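The values are calculated or read from the model by the stated rules, or taken from the named source; none is laboratory data. Small disclaimer: the values here were computed from a predicted structure and weren't measured. Methodologically, a virtual Cβ is constructed for each residue, glycine included, from the backbone with ideal geometry; neighbour enumeration extends over all protein chains shown. Remember, those area values only see protein heavy atoms, side chains included, never the ligands or the DNA or RNA. Shrake-Rupley method; radii C 1.70, N 1.55, O 1.52, S 1.80 Å.
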Amino acid sequence: MYDVAIVGAGVIGASVARELSRYAIKAVVLEKDSDVAMGSSKANSGLVHAGYDPVPGTLKAKYNMLGRQMFDELASQLDFPFKQNGALVIIKNEADLPALERLMVRGVTNGLRNLRIVRNNELHDLEPNLHSDACAAMLAPSAGITSPYEMVIALCENAAQNGTEFMLDCRVEGVSKEEDHFCIQTTRGIVKARIVVNAAGVHSDEINNMLSAHKMTIVPRRGEYCLLDKSEGAMVKHTIFQLPTKMGKGVLVTPTADGNLLLGPTSHDIDDKDDVSTTKDGLDEVLTQSATLLKHLPTSKIITSFSGLRSWHEEDEFIIEEAPDVPGLVNLCGIDSPGLTAAPAIGLTAAEMVVKRLGAVKKDDFEPNRKGIRPFQSMTAEQRKAAIAENPDYGQIICRCESVSKAEIIAALRSPLGVNSLDAIKRRTRAGMGRCQGGFCWMRLLHIVADECGINLMEVTKSGGQSNVLVNPNKSGFAKHTGGPADEKS
Amino acid sequence: MKKVDIVIIGGGPAGLAAALGAKDAGIENIIILEREQYLGGILNQCIHNGFGLHVFKEELTGPEYAARYEERVKQAKIPYLLNTMVLDITRDKKVMAVNRDGLLEIKAEAVILAMGCRERPRGAINIPGRRPVGIYAAGTAQKFVNIDGFVPGKEVVVLGSGDIGLIMARRMTFEGAAVKAVVELMPYSGGLKRNIVQCLDDFGIPLKLSHTVTQIKGGERLTGVTIARVDENLKPIPGTEEDISCDTLLLSVGLIPDNELSRNAGIALSNITGGPVVDESLQTSVEGIFACGNTLHVHDLVDFVSAESEQAGKNAAEYVRGKRPRPDGGITLSTKGGVRYAVPASIDPGNVSDKIDIRFRVSNVFKNRYVAVYFDDTRLKRHRRLILTPGEMETLTLTKAEFEKYPDARSITIALEE
């Protein structure tokens, strides 16, 4: 019997898990996919919002502001990328100036003190590659960028290191309320817990509806993106927004925390909660709208495109509460933008609800710090020499585009959550995330995974499940199923 | 810091030939840096034949061709390092590399760039749909099959009819896979004619010209693609869609000269070839840094890579010995009328000993055209050609004597004419 089961290892579940790992309780995170951060949390803009956008007085406004305040400390404790690059909301028509000023007033009401309007020359000095029609912008200096999946991985690893259990490939198929606990049927068997935290993202309505008479509907709202080569990462310094509309903040252009340039997202409600396809119309829309923000859009530098699903609730508001008719079911639903920014604060509030109900006490041995994998790419020459002297695997470059060494790949395979798919390695090390998108490193990665995990090369998957990369030995039969490449020179 | 006369970045066909060229020209202190665990580069996975017809006057497989050069490099006792990745090259010709022994800093008198090229990934052509396993650049799949001995799938569609796509259509057929179609956006193939015959026609694999993949389907694994005919603007025509089930999509949608190192060194790159802008010595915009092979521009035949690279090696050697002064300007080489690019971009006749080869490609399929060479506004010569295609690299030679006829020429133009 667990004290608490958290359903979903996205940024919300991860934030709750990490906060709860401060307490002397038995907690488990149930995740349907083969890794954490596999839903909305891996496919979003990675923005840490300043807080000018949500309507004052809403939970979105409250948690955006609270979450933003937690980011600097959290990123330094947990060693995930976070950079305060500032945001610019631009207008191209003087007639939109009143709307821009209303947005600024909203920000001030939400508690932001450093917003200001920048005009013409100052704006173009700040961002020389901005579209020449841009005539004014609101500057929000406290906005930032993070790597959303690295943040989730960091939160989860820290929770795991403090005793939280993680069950991956564990889909919840049913939940029932017994007298003093919940009985959760999963693809990995029955899990019992006194409290259920529902952080199931686009599927959180299904979890709620299994238990509560207060039915809920979460609409998957798809956003499509294009990612550009790092050579374009310095195109803009700030995150460049258009004036927001009721469908969201519109297509934006931003540097990413890893130094690429990101364009997107679109915003379209769809029916299928698993449909993360990109579409021709969607990608065209991303490019057309991005082109209105920049002087020149280097479309030839696109290295990949992707889509993610926002969890939109019809009231356009976060749900952060215990279900009124199901004591012990903590619902964290409808967490769309600014959900990533709000997540640390939502985690804190949800943990308080759980702790209060359990009467749990803090552990005295909680370790708040977690170290990520040290990237070869960001080391100085002296650090590189020292790292290789200590571990020669640091001198063996596996991913040429991102200069990822074998040492980092092995560190990812030995990291606390026990993952071994190529995509899981990619999110932890950036191997395969560069301009050649794995063309160079995949075979090298397959060998390292097979060697390190003691499995057959054909058992290595791209993203868990049935996503094996190699399906058969070739007819010549020279392949070694594990170990190094066949010696074709003999 | 280690000091050498010439450092060669890459031990593929270009790097090996460049090393031999430099050695023949009398330079001893050379080092080849190779990131793979073997020399020979991409040739090692090109186990089909068709290599060496020009250089060796016989038909070899890729590994055989590579082995001949590797043998010559070993006989010439030219030093090389394997498993060594170059991280950075500076304008003053310092090279930083890394391997399991540590960081390696080399100061060279001359650098020869021979990094080859890489394949365009799916993202570069922005095909919409899901992101399942089963989509590979054709060369990546070629490595799976030919180097490591595994096949990635059983039902294959190839997008793009470049040579690697054509070769892999046949290779996957040999491995028992059903290759359902090779889909080509353009109204002509980007590959060699002989490959279309020997890799597709001989196996009854349909080549769908003026078609593209418009949708990728699947969950964890690829389950199929939608293809459609395209109009003259290369846009899919609604109503022409056709679903093809497959578990593997191989992409042969273009090669990009690998020039991240060159870019970081501040070397000027051509927008058309993606490779460095070079003069008659194959010297880049940075003095003492030379480029050859697929790093310079994507070749069709390795034989031409070898010839070009050997020349680059000789030129670099002469530069090191002070016998090849950096030209002051030179004659600009430009193209028009269907000639997409030409290498080099400028020629100083003073550095042409007896003749110089100019490599170029055309931008479309042309029949019955003249390839004409102009010195300023005067036509020097022209040759009639029955057919020119974008997939085949063309060579024309200018002699010392021809340059001497026009001592005051400011520009040379290569043009196609009716």
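Report the Cα centroid-to-centroid distance between the stretch A:343-397 and the stretch B:335-401 in angstrom, as an integer.
Computed from Cα coordinates, the inter-centre distance equals 60 Å.
Take A:Ala213 and A:Thr187, extend 7 Å from each Cα along the Cα→Cβ direction, and tell me the distance between the two endpoints in nm.
Result for the modelled spin labels: 3.4 nm.
Within the stretch A:290-436, count lysine pairs with alpha carbon atoms under 30 angstrom apart where the residues are 8 or more positions apart or belong to different chains.
Taking the stretch A:290-436 as the scope, the lysine pair count is 10.
B:Arg91 to A:Gln84: FRET efficiency via 1/(1 + (r/R0)^6), r the Cβ-Cβ distance, R0 35 Å, to the nearest 0.05?
The value I calculate is 0.55.
Given a 1.4 Å probe and heavy atoms of the protein chains only, how would you sort A:Glu31, B:Glu287, largest accessible area at the top?
B:Glu287, A:Glu31
To the nearest 10 Å², what's B:Phe174's accessible area with a 1.4 Å probe?
In the full protein context, B:Phe174 sits at about 100 Å².
Mind checking which aspartates and glutamates have their C-alpha under 14 Å from B:Lys154, skipping anything on the same chain fewer than 8 residues away?
Cross-link targets: B:Glu175, B:Asp247.
Say the dipole of the stretch A:377-459 comes from +1 at the beta carbon of Lys and Arg and -1 at that of Asp and Glu; which of A:Met379, A:Asn420, A:Met458 then lies farthest toward its positive end?
A:Met379
Can you find, among A:Ser307, A:Ala199, A:Gln185, the residue sitting farthest towards the positive end of the charge dipole of chain A, where Lys and Arg contribute +1 and Asp and Glu -1 at Cβ?
A:Ser307
Over the stretch A:377-459, calculate the relative contact order: mean separation of alpha carbon pairs under 8 Å at least 6 apart, over the residue count, as a percent.
The value is 24 percent.
Once you charge only the Cβ atoms, +1 for Lys and Arg and -1 for Asp and Glu, what is the size of the charge dipole of the stretch A:53-208 about its Cα centre, to the nearest 20 debye?
420 debye
What residues have an amide H closer than 5 Å to that of B:Arg118, excluding those fewer than 5 places away on the same chain, when H is modeled at 1.01 Å from N in the peptide plane?
Under 5 Å from the amide H of B:Arg118: B:Ile256, B:Asp258.
Let me know the charge dipole size of chain B about its Cα centre in debye, to the nearest 20, where only the beta-carbon of Lys, Arg (+1) and Asp, Glu (-1) is charged.
220 debye
List the lysines whose Cα sits under 20 Å from the Cα of A:Lys249, skipping any in the same chain fewer than 8 residues away.
Within reach: A:Lys42, A:Lys60, A:Lys62, A:Lys92, A:Lys237.
Sticking with the crude label model, points 7 Å out along Cα→Cβ, report the distance from B:Lys323 to B:Met1 in nm, one decimal please.
Distance between label points: 2.8 nm.
Calculate the length of the line joining the C-alpha centroid of the stretch A:16-73 to that of the stretch B:281-308, in whole Å.
The stretch A:16-73 and the stretch B:281-308 have Cα centres separated by 52 Å.
Can you tell me the equivalent ellipsoid semi-axes for the protein assembly as shown? Use √(5λ) from the Cα gyration tensor, largest first, whole Å.
Equivalent-ellipsoid dimensions as semi-axes: 52, 30, 27 Å.
Per DSSP H run of n ≥ 4, the term is -39500 (n - 2.57); total these for chain A, divide by its residue number, and report the mean residue ellipticity at 222 nm rounded to 500 deg cm²/dmol.
My calculation for chain A gives -9000 deg cm²/dmol from helical runs alone.
Just to verify a number: FRET efficiency for A:Glu317 and A:Asp451, C-beta to C-beta distance, R0 = 56 Å, to 0.05?
Once the sixth-power term is evaluated, E becomes 0.65.
Evaluate the distance, in nm, between pseudo-label points positioned 7 Å from the Cα of B:Phe203 and of B:Asp357 along their respective Cα→Cβ axes.
Reported label-point gap for B:Phe203 and B:Asp357 is 3.0 nm.
Quick one: compute the contact order of chain B, relative version, from alpha carbon pairs under 8 angstrom and 6+ residues apart, as a percent.
Computed value for chain B: 16 percent relative contact order.
Where does chain B land at 222 nm, in deg cm²/dmol rounded to the nearest 500, when only DSSP H runs of n ≥ 4 count, each adding -39500 (n - 2.57), divided by all residues?
About -5500 deg cm²/dmol.
Using only the alpha-carbon atoms, how far is helix B:302-320 inclined from the longest principal axis of chain B? Give it as 0 to 90 degrees, nearest 10.
Roughly 30 degrees between the two axes.
Test of understanding: what is the full-extension gain from A:Ala24 to A:Asn391, defined as 0.36 nm times their sequence separation minus their Cα-Cα distance?
The A:Ala24-A:Asn391 span can extend by a further 128.4 nm.
Post the alpha-carbon centroid distance, the stretch A:117-157 to the stretch B:1-40, in whole angstrom.
What the calculation gives is 46 Å, centre to centre.
Can you work out the PRE-style zone for A:Asn369? Point 7 Å along Cα to Cβ, and I want the residues of the stretch A:62-98 with backbone N under 19 Å.
The answer is A:71-82, whose backbone nitrogens lie closer than 19 Å to the label point.
Of all accessible surface on the protein assembly as shown at a 1.4 Å probe, what whole percent is carbon and sulfur?
48 percent
Relative to the first principal axis of the alpha-carbon coordinates of chain B, what is the inclination of helix B:163-174, with its axis defined by its Cα atoms, in degrees from 0 to 90 and to the nearest 10?
Compared with the principal axis, the helix lies near 50 degrees.
Under the definition of partner shielding as Cβ atoms of other protein chains within 10 Å of a residue Cβ, what is the mean value for peptide A:437-450?
Counting other chains' Cβ atoms within 10 Å and averaging over A:437-450 gives 4.
Nearest 20 debye, what's the magnitude of the dipole of the stretch A:377-459 about its Cα centre given +1 on Lys and Arg Cβ and -1 on Asp and Glu Cβ?
So the dipole magnitude of the stretch A:377-459 works out to roughly 300 debye.
Taking the Cα atoms only, what angle lies between the long axis of helix B:62-75 and the longest principal axis of chain B, rounded to 10 degrees?
The answer is roughly 20 degrees.
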